[in-house]
1. I'm told Glu136 meets every condition in (1) closer than 21 Å to His190 by Cβ; (2) assigned to a helix (DSSP H, G or I) except one. Can you identify the failing condition by its number?
2. Could you please give the count of residues in region 17-51 that are among the basic types (Lys, Arg), at pLDDT below 85 and closer than 24 Å to Ile68 by Cβ?
3. Mind counting the residues in region 158-169 that are surrounded by fewer than 14 Cβ atoms within 10 Å (Cβ to Cβ) and either modelled with pLDDT of 85 or more or basic (Lys, Arg) (or both)?
4. Do any residues in region 37-62 that are on the phi > 0 side of the Ramachandran plot have Cβ atoms under 7 Å from those of residues that are surrounded by 13 or more Cβ atoms within 10 Å (Cβ to Cβ), where the two are at least six apart or on different chains, and which pairs are they?
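The values are calculated or read from the model by the stated rules, or taken from the named source; none is laboratory data. Computed from a predicted model, the values in this text were never measured in an experiment. Heads up, the Cβs are rebuilt from the backbone with ideal geometry, glycines too, and the neighbour counts pull from every protein chain shown.
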Amino acid sequence: MTSEEYRGNSYELSDLNDVEDITLDKLSSQLEIFWRNIDNCNQYSKVKKQLQKHKKDIINARLSSEIIVTHSLIYQLSINESIKRFNDYWDFVNEKILTISSGTEQFLDSFITQSIEAKMKQNNQAINAGCPELTEVVTDIDPKALKEAIERAKTDGYLDSRVNVSELTNLMKNRGYNMINQNGKNVWKHII
(Lines give C-alpha, C1' and ligand atoms only; values in the text may rest on other atoms or scores of the structure.)
Protein backbone atom coordinates (compact mmCIF):
# COMPACT_ATOMS: atom_id res chain seq x y z
CA MET A 1 0.00 0.00 0.00
CA THR A 2 1.43 3.37 -0.95
CA SER A 3 0.88 6.66 0.85
CA GLU A 4 -1.63 7.62 -1.85
CA GLU A 5 -3.63 4.42 -1.28
CA TYR A 6 -3.46 5.02 2.47
CA ARG A 7 -4.89 8.53 2.07
CA GLY A 8 -7.79 7.11 0.11
CA ASN A 9 -8.55 4.38 2.63
CA SER A 10 -12.24 5.37 2.81
CA TYR A 11 -12.31 6.10 6.53
CA GLU A 12 -14.90 8.83 6.39
CA LEU A 13 -16.26 10.21 9.65
CA SER A 14 -19.55 11.00 7.91
CA ASP A 15 -20.07 7.23 7.54
CA LEU A 16 -20.09 6.80 11.31
CA ASN A 17 -23.55 6.74 12.82
CA ASP A 18 -22.57 5.86 16.35
CA VAL A 19 -19.46 5.97 18.49
CA GLU A 20 -19.59 2.17 18.55
CA ASP A 21 -18.98 2.20 14.77
CA ILE A 22 -15.42 3.34 15.43
CA THR A 23 -13.07 0.39 15.37
CA LEU A 24 -9.36 0.34 14.85
CA ASP A 25 -9.27 -3.19 13.47
CA LYS A 26 -9.10 -2.05 9.85
CA LEU A 27 -6.74 0.79 10.67
CA SER A 28 -4.33 -1.56 12.40
CA SER A 29 -4.17 -3.87 9.40
CA GLN A 30 -3.84 -0.91 7.00
CA LEU A 31 -0.93 0.43 9.05
CA GLU A 32 0.76 -2.94 9.04
CA ILE A 33 0.45 -3.17 5.27
CA PHE A 34 1.68 0.41 4.89
CA TRP A 35 4.80 -0.12 6.98
CA ARG A 36 5.65 -3.46 5.35
CA ASN A 37 6.19 -1.57 2.10
CA ILE A 38 9.94 -0.89 1.96
CA ASP A 39 9.40 2.16 -0.25
CA ASN A 40 7.26 3.76 2.45
CA CYS A 41 9.94 3.05 5.06
CA ASN A 42 12.66 4.52 2.85
CA GLN A 43 10.57 7.59 2.12
CA TYR A 44 9.86 8.01 5.83
CA SER A 45 13.58 7.86 6.56
CA LYS A 46 14.30 10.55 3.93
CA VAL A 47 11.61 12.86 5.29
CA LYS A 48 12.84 12.32 8.85
CA LYS A 49 16.36 13.38 7.82
CA GLN A 50 14.90 16.54 6.26
CA LEU A 51 13.10 17.29 9.51
CA GLN A 52 16.35 17.27 11.49
CA LYS A 53 17.32 20.54 9.78
CA HIS A 54 14.11 22.18 11.03
CA LYS A 55 13.88 20.95 14.64
CA LYS A 56 14.44 24.43 16.08
CA ASP A 57 11.41 25.67 14.09
CA ILE A 58 9.01 23.09 15.55
CA ILE A 59 6.77 23.85 18.50
CA ASN A 60 6.78 20.88 20.90
CA ALA A 61 9.31 19.07 18.72
CA ARG A 62 9.56 16.10 21.07
CA LEU A 63 5.83 15.44 20.73
CA SER A 64 5.37 16.41 17.11
CA SER A 65 8.41 15.23 15.15
CA GLU A 66 7.30 11.68 14.36
CA ILE A 67 3.77 12.84 13.57
CA ILE A 68 5.04 15.62 11.30
CA VAL A 69 7.16 13.15 9.33
CA THR A 70 4.24 10.72 9.01
CA HIS A 71 1.89 13.55 8.06
CA SER A 72 4.28 14.80 5.39
CA LEU A 73 4.72 11.29 4.02
CA ILE A 74 1.07 10.26 3.92
CA TYR A 75 -0.31 13.55 2.61
CA GLN A 76 2.67 14.11 0.32
CA LEU A 77 3.30 17.59 1.68
CA SER A 78 6.60 19.35 2.01
CA ILE A 79 8.18 19.08 5.43
CA ASN A 80 7.78 22.86 5.80
CA GLU A 81 4.04 22.65 5.15
CA SER A 82 3.62 19.84 7.70
CA ILE A 83 5.66 21.80 10.25
CA LYS A 84 3.50 24.86 9.63
CA ARG A 85 0.29 22.89 10.12
CA PHE A 86 1.46 21.35 13.40
CA ASN A 87 2.84 24.67 14.65
CA ASP A 88 -0.56 26.23 13.88
CA TYR A 89 -2.17 23.40 15.81
CA TRP A 90 0.10 23.91 18.86
CA ASP A 91 -0.40 27.69 18.72
CA PHE A 92 -4.16 27.09 18.83
CA VAL A 93 -3.87 24.55 21.65
CA ASN A 94 -1.58 26.79 23.69
CA GLU A 95 -3.75 29.86 23.18
CA LYS A 96 -7.22 28.39 23.49
CA ILE A 97 -6.88 25.19 25.49
CA LEU A 98 -3.77 25.09 27.64
CA THR A 99 -3.63 28.67 28.77
CA ILE A 100 -4.13 29.17 32.45
CA SER A 101 -6.29 32.17 31.91
CA SER A 102 -8.97 30.74 29.62
CA GLY A 103 -10.77 28.63 32.22
CA THR A 104 -9.55 30.64 35.17
CA GLU A 105 -10.74 33.93 33.69
CA GLN A 106 -14.21 32.53 33.11
CA PHE A 107 -14.20 31.16 36.63
CA LEU A 108 -13.08 34.50 38.10
CA ASP A 109 -15.67 36.47 36.13
CA SER A 110 -18.38 34.10 37.31
CA PHE A 111 -17.14 34.16 40.92
CA ILE A 112 -16.98 37.98 40.98
CA THR A 113 -20.45 38.31 39.47
CA GLN A 114 -21.95 35.82 41.92
CA SER A 115 -20.16 37.49 44.85
CA ILE A 116 -21.46 40.93 43.88
CA GLU A 117 -24.99 39.60 43.41
CA ALA A 118 -24.91 37.82 46.79
CA LYS A 119 -23.67 40.98 48.56
CA MET A 120 -26.31 43.13 46.86
CA LYS A 121 -28.96 40.70 48.05
CA GLN A 122 -27.53 40.73 51.60
CA ASN A 123 -27.37 44.53 51.56
CA ASN A 124 -31.00 44.77 50.43
CA GLN A 125 -32.03 42.39 53.21
CA ALA A 126 -30.07 44.41 55.78
CA ILE A 127 -31.66 47.68 54.61
CA ASN A 128 -35.15 46.12 54.56
CA ALA A 129 -34.54 44.82 58.09
CA GLY A 130 -33.60 48.32 59.22
CA CYS A 131 -29.89 47.50 59.69
CA PRO A 132 -28.04 49.59 57.08
CA GLU A 133 -24.88 49.36 59.18
CA LEU A 134 -24.59 45.70 58.12
CA THR A 135 -24.20 46.53 54.44
CA GLU A 136 -20.87 45.82 52.72
CA VAL A 137 -19.09 47.21 49.69
CA VAL A 138 -20.44 44.91 47.01
CA THR A 139 -17.32 44.92 44.84
CA ASP A 140 -14.92 43.80 47.59
CA ILE A 141 -13.83 40.17 47.21
CA ASP A 142 -12.75 38.06 50.16
CA PRO A 143 -9.43 36.41 49.19
CA LYS A 144 -10.08 33.46 51.49
CA ALA A 145 -13.48 32.79 49.87
CA LEU A 146 -11.90 33.08 46.42
CA LYS A 147 -9.08 30.70 47.37
CA GLU A 148 -11.56 28.15 48.74
CA ALA A 149 -13.70 28.41 45.60
CA ILE A 150 -10.62 27.87 43.41
CA GLU A 151 -9.56 24.84 45.45
CA ARG A 152 -13.07 23.36 45.16
CA ALA A 153 -13.06 23.99 41.42
CA LYS A 154 -9.63 22.32 41.10
CA THR A 155 -10.78 19.32 43.15
CA ASP A 156 -13.95 19.02 41.06
CA GLY A 157 -11.90 19.21 37.85
CA TYR A 158 -13.28 22.53 36.65
CA LEU A 159 -9.95 24.33 36.93
CA ASP A 160 -6.41 23.37 36.08
CA SER A 161 -4.23 22.73 39.09
CA ARG A 162 -1.53 24.96 37.61
CA VAL A 163 -3.23 28.17 38.83
CA ASN A 164 -0.79 29.88 41.17
CA VAL A 165 -0.82 33.03 43.28
CA SER A 166 1.09 35.27 40.85
CA GLU A 167 -1.15 34.29 37.92
CA LEU A 168 -4.24 34.84 40.04
CA THR A 169 -2.92 38.23 41.16
CA ASN A 170 -2.34 39.27 37.54
CA LEU A 171 -5.80 38.11 36.50
CA MET A 172 -7.41 40.01 39.39
CA LYS A 173 -5.39 43.14 38.57
CA ASN A 174 -6.58 42.86 34.96
CA ARG A 175 -10.11 43.05 36.38
CA GLY A 176 -9.30 46.19 38.34
CA TYR A 177 -8.67 44.57 41.73
CA ASN A 178 -5.77 45.15 44.11
CA MET A 179 -5.10 43.28 47.32
CA ILE A 180 -5.15 45.70 50.23
CA ASN A 181 -5.15 45.36 53.98
CA GLN A 182 -8.30 46.86 55.41
CA ASN A 183 -8.75 46.90 59.18
CA GLY A 184 -6.23 44.06 59.60
CA LYS A 185 -7.90 41.91 56.95
CA ASN A 186 -6.81 41.38 53.34
CA VAL A 187 -9.41 42.13 50.69
CA TRP A 188 -9.50 42.34 46.93
CA LYS A 189 -10.55 45.97 46.44
CA HIS A 190 -11.98 47.11 43.13
CA ILE A 191 -9.94 50.16 42.16
CA ILE A 192 -11.04 50.97 38.62
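1. Among (1) closer than 21 Å to His190 by Cβ; (2) assigned to a helix (DSSP H, G or I), the lone unmet condition for Glu136 is (2).
2. Residues in region 17-51 being among the basic types (Lys, Arg), at pLDDT below 85 and closer than 24 Å to Ile68 by Cβ: 0 in total.
3. Within region 158-169, residues that are surrounded by fewer than 14 Cβ atoms within 10 Å (Cβ to Cβ) and either modelled with pLDDT of 85 or more or basic (Lys, Arg) (or both) number 1.
4. Once the first residue is on the phi > 0 side of the Ramachandran plot and sits in region 37-62, its partners that are surrounded by 13 or more Cβ atoms within 10 Å (Cβ to Cβ) give Asn60/Trp90.
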